[in-house]
Every structure is written in structure tokens, then in C-alpha cells.
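Quick notes on the structure that follows.
The values are calculated or read from the model by the stated rules, or taken from the named source; none is laboratory data. What you are looking at is a predicted structure, and each value in this text was computed from that prediction instead of being measured. Cβ sites come from the backbone with ideal geometry, for glycine too, and all protein chains shown count toward neighbours.
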Amino acid sequence: MQAEPSVPKSDSLLAVEWDAPSCVGALWSTRAGGHSAPPWDSLNLGDHVGDDPRAVSRNRQAFAAAVGCEVGWLRQVHGCVVVSAQSALDGPCTADGSWSAQPQVACAILVADCLPVLLAADNGRAVGAAHAGWRGLSQGVIEAVAVQVAQAADCPVRRLVAWLGPCIGPERFEVGPEVVAAFGGGPAFRPSPGASRPDRFLADLALLARARLQRLGIGRVAGVGECTASLPHRYYSYRRDGVTGRMAAAVWLRR
């Protein structure tokens with residue numbers, strides 16, 4: 001008989017530190033403390049990366065046990081579609097953002113270099129999560145989630161608080177001119193020294209997200225500030241490893 005999933009250790013799942021009301025729960029995972037074998041070792045939460053489905057299931061059960069409620073997983077495609085976390089409970093929805101105004105239903109985002117963004121209304125009535133890679137950012141995924149959360153909470157968008165999780169850092173995220181053009185250039189881009197081609201740039205994904213939040217009037221923004229590609233023992237990184245697992249960030253309303 002299969003053993004019951006255990007809640008991962010404290011160095012595997014970490015509480016989000018931000019300016020959200022006490023009725024909001026939020027946590028994020030590292031790669032440690034799970035059941036997956038290499039190269040997905042060990043707390044892989046992605047069910048689309050070639051890992052043993054049994055290991056992924058046990059990891060997700062452990063994650064849900066730590067969250068303490070149901071988790072609305074998404075089928076992410078680097079777009080800007082947003083759905084309710086409740087609708088994702090019936091099966092993965094193709095979307096890159098979710099929101100919830102219902103207690104005990106968690107919004108969750110999978111990442112392995114892209115930026116997880118969590119949002120909460122400061123009146124404690126709604127929360128949301130966005131999968132913010134450069135494509136989603138340029139298409140407005142943060143704005144789309146923010147609007148849904150604000151509407152569900154019946155408050156202005158500027159009354160939201162935000163948290164930015166770990167992502168590929170500005171020293172490791174090399175991009176081409178199409179990415180620069182998608183954002184109209186700006187201080188988040190600089191030429192990549194030592195690149196094999198002269199049209200390569202280093203991009204600051206977190207800075208791009210902060211600029212989007214600032215334009216929305218969201219000023220209370222917390223962040224981890226760690227580079228997934230630079231910390232192989234702590235984080236998965238698609239850019240670094242290719243075949244790898246996925247971490248998650250989740251946010252929910254407590255009862």
C-alpha cells in the first residue's frame with residue numbers, strides 16, 4: 001500500500017514574506033524534499049516534464065498537505081489567459097494566471113526560470129497568481145490577473161500587494177532583439193558581454209515585472225531576488241539544465 005505523503009521539510013516549502021493581510025496564506029517551493037529521481041530530483045511539481053507520474057503525484061499531494069487546501073493547477077503556455085482557481089480543480093485549465101475569492105482554494109504557478117507573481121487584495125477578499133515569463137509579461141499577464149483580483153475583491157488595483165519569487169537573474173538571462181522589441185527597450189536590458197553574437201542582451205525579468213506593477217499603481221512589492229540558474233542545489237532551471245523539474249508558488253484565502 002502506498003504511504004501517505006509527508007509534508008516536506010521546512011527548507012523545501014517556505015512562507016512568503018510580504019504585506020498581505022493575515023487571512024492570506026502563501027508559500028513557495030524549492031527543489032528539495034520530494035520523491036522524484038534525477039534529473040527531476042526531488043520535489044518536482046510539474047506533470048509535463050517527463051518525470052514518473054507517481055512521483056509527481058506524491059509531490060503534489062505533499063504540497064497540497066502543506067498548503068492545507070485544494071490547489072488549482074494550470075496548463076501553462078506562456079500566454080495571458082486568466083481563469084478562476086476553482087475552475088482548475090476540475091482538471092488543468094490552459095492558462096497562465098488564476099484568481100480566487102473562495103477560501104481554501106489555492107492559485108498555483110509552476111516555474112523553472114520564469115517569474116512567479118502572487119497578488120492579494122489588502123482587504124483580504126481575493127488573491128491571484130501569474131506565470132510571468134517574458135512572453136506572458138509582454139502580453140500583460142500580470143495586468144490580467146490584477147484586474148481579476150481587484151474586481152473579485154471590489155477594490156482598486158492599486159490596493160493590491162505583490163510578491164515576486166525567484167527567477168532567472170539579470171546576469172544569466174540572455175535574450176535576442178525580439179525580446180527587447182517586445183518591451184520597447186528600457187533599463188531592464190543591456191548588451192551581453194562575451195556573447196557569441198552582437199545582438200544578444202541580458203534581461204532583468206524581475207525589473208520588467210516591477211515596472212508593470214508600478215504602472216498599475218501597485219507599490220507594495222516584496223521579492224526573493226534569487227537567481228534560479230545560479231543556485232542548482234536550490235532551484236530548477238530550464239535554461240541551465242534543459243530536462244528538469246518545476247517549483248511552485250501558491251496563494252490562497254484561509255477560512
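From the list 213, 202, 207, the lone residue that is more than 21 Å from residue 13 (Cβ to Cβ) and in contact with a helix residue (DSSP H, G or I) (Cβ under 9 Å, 6 or more places away or on another chain) is 213.
Name the residue that is surrounded by the most Cβ atoms within 10 Å (Cβ to Cβ), counting only residues in segment 192-208 that are over 28 Å from residue 117 (Cβ atoms) and charged (D, E, K, R). Checking each candidate, the answer is 199. Scanning segment 58-82 for residues that are free of Cβ contacts under 8 Å to residues at least 24 places away in the same chain and crowded, with 21+ Cβ neighbours inside 10 Å yields one hit, 60.
Screening 197, 210, 172 for residues that are in contact with a strand residue (DSSP E or B) (Cβ under 9 Å, 6 or more places away or on another chain) and outside any helix (DSSP H, G or I) leaves exactly one candidate, 172. Consider segment 182-194 and keep the residues that are in contact (Cβ under 8 Å) with a residue 12 or more places away in the chain and in a loop (DSSP other than H, G, I, E, B). The one that is farthest from the chain's Cα centre (by Cα) is 192.
Just one residue in the set 91, 79 is assigned by TED's automatic domain parsing to the domain that holds residue 137 and either modelled with pLDDT of 95 or more or polar (S, T, N, Q) (or both); that residue is 79.
From the list 249, 146, 162, the lone residue that is assigned by TED's automatic domain parsing to the domain that holds residue 21 and closer than 28 Å to residue 56 by Cβ is 249. Among the residues making up segment 48-66, those that are touching a Ser or Thr at 6+ places or on another chain (Cβ under 8 Å) and part of a loop (DSSP other than H, G, I, E, B) are 49, 51, 52. Considering the conditions (1) at pLDDT 95 or above; (2) over 24 Å from residue 173 (Cα atoms); (3) not acidic (Asp, Glu), residue 135 is excluded by exactly one of them, (2).
When 113, 122, 154 are checked against the criterion of being in the same structural domain as residue 222 (by TED's automatic domain parsing), of a type in the set (D, E, K, R), modelled with pLDDT of 95 or more and crowded, with 20+ Cβ neighbours inside 10 Å, 113 stands alone in meeting it. Determine, yes or no, whether residue 179 is within 20 Å of residue 80 (Cβ to Cβ), part of a helix (DSSP H, G or I), in contact (Cβ under 8 Å) with a residue 40 or more places away in the chain and not assigned by TED's automatic domain parsing to the domain that holds residue 27. Taking the combined requirement at face value, the residue satisfies it. Just one of the numbered conditions (1) surrounded by 12 or more Cβ atoms within 10 Å (Cβ to Cβ); (2) modelled with pLDDT of 95 or more is not true of residue 187; which one? All conditions pass for residue 187, except number (1). Within segment 128-151, the residues that satisfy the criterion of being hydrophobic (A, V, I, L, M, F, W, C) and either surrounded by fewer than 24 Cβ atoms within 10 Å (Cβ to Cβ) or out of contact with any strand residue (DSSP E or B) (no Cβ under 7 Å at 6 or more places or on another chain) (or both) are 134, 137, 144, 147, 150. Out of 234, 239, 255, one residue alone is assigned to a loop (DSSP other than H, G, I, E, B), closer than 30 Å to residue 40 by Cβ and charged (D, E, K, R). It is 234. Of all residue pairs spaced 6 or more apart or on separate chains, those with beta-carbon atoms under 9 Å, a first member in segment 239-253 that is closer than 30 Å to residue 21 by Cα and in contact (Cβ under 8 Å) with a residue 24 or more places away in the chain and a second member that is in a loop (DSSP other than H, G, I, E, B) and among the hydroxyl-bearing types (Ser, Thr, Tyr) are 246/236; 247/30; 247/235; 247/236.
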